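Have a look at the structure below, then the notes.
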Amino acid sequence: QVQLVESGGGLAQPGGSLRLSCAASGSIFRIYTMSWYRQAPGKQREWAASITSGGSTSYADSAKDRFTISRDNAKNTVYLQMNSLKPEDTAVYYCNAARVPYVSWGQGTQVTVSS
């Protein structure tokens with residue numbers, strides 16, 4: 001089990017950037033696949049990006065070419081760099097850690113994109 005705490009959310013202008021951070025507890029952070037999900041009010045939670053323990057990344061179509069997921073195992077932290085933000089990116093963003101049989105979620109951080 002790992003405990004996750006997201007930070008870095010806030011208000012951004014359309015076309016602007018934000019970097020989200022997810023700090024994880026535990027000494028085995030490096031073996032987990034880490035992901036970012038997001039959920040807008042009234043909508044289903046959707047997957048945005050993942051990074052494996054080996055550093056392989058994948059993205060949802062809505063995030064590809066605008067978002068970058070990365071991890072720093074020495075700091076037990078995963079990041080989501082979000083560029084070229086759009087109003088439709090407004091959502092609560094959640095960090096996820098997974099390795100069978102365990103799955104953990106953070107509390108979420110609000111991202112609002114508005115002019």
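The values are calculated or read from the model by the stated rules, or taken from the named source; none is laboratory data. Computed from a predicted model, the values in this text were never measured in an experiment. In this analysis, Cβ positions are derived from the backbone assuming ideal geometry, glycine residues included, and neighbour counts consider all displayed protein chains. Just so you know, the surface numbers come from the protein's heavy atoms only, side chains and all, with ligands and any DNA or RNA stripped out. Shrake-Rupley method; radii C 1.70, N 1.55, O 1.52, S 1.80 Å.
The lysines whose alpha-carbon is closer than 16 Å to the alpha-carbon of K86, local same-chain residues fewer than 8 away aside, are K64.
Subtract the Cα-Cα distance of Q44 and A23 from 0.36 nm times their separation in residues, and report this length gain in nm to one decimal.
Values: separation 21, 0.36 × 21 = 7.56 nm, distance 2.44 nm.
Between Q44 and A23, full extension yields 5.1 nm more.
Excluding the site residues themselves, the longest part of the chain lacking any trypsin sites (Lys or Arg not before Pro) in a DSSP loop with at most 16 other Cβ atoms within 10 Å is 67-115.
A straight chain from I31 to N73 at 0.36 nm per residue would run longer than the Cα-Cα distance by 14.2 nm. Dipole size of the chain about its Cα centre, with +1 on Lys/Arg Cβ and -1 on Asp/Glu Cβ: approximately 180 debye, rounded to the nearest 20. Only Cα pairs under 8 Å and at least 6 apart count here; give the relative contact order of segment 1-60 as a rounded whole percent. Answer for segment 1-60 is 24 percent. The residues of segment 5-74 expose on average 54 square angstrom of accessible surface per residue, using a 1.4 Å probe on protein heavy atoms. Straightening the chain between S115 and A98 buys 2.5 nm, computed as 0.36 nm per residue apart minus the Cα-Cα spacing. Taking a spot 7 Å from the Cα of N83 along the direction of its beta carbon, which residues of segment 4-32 have an amide N less than 15 Å from it? Answer for this model: 15-20.
Listed by chain and number, the aspartates and glutamates whose C-alpha is less than 19 Å from the C-alpha of K43, apart from same-chain residues fewer than 8 away, are D61, E88, D89.
To the nearest 10, the accessible area of V113 is 10 Å² with a 1.4 Å probe.
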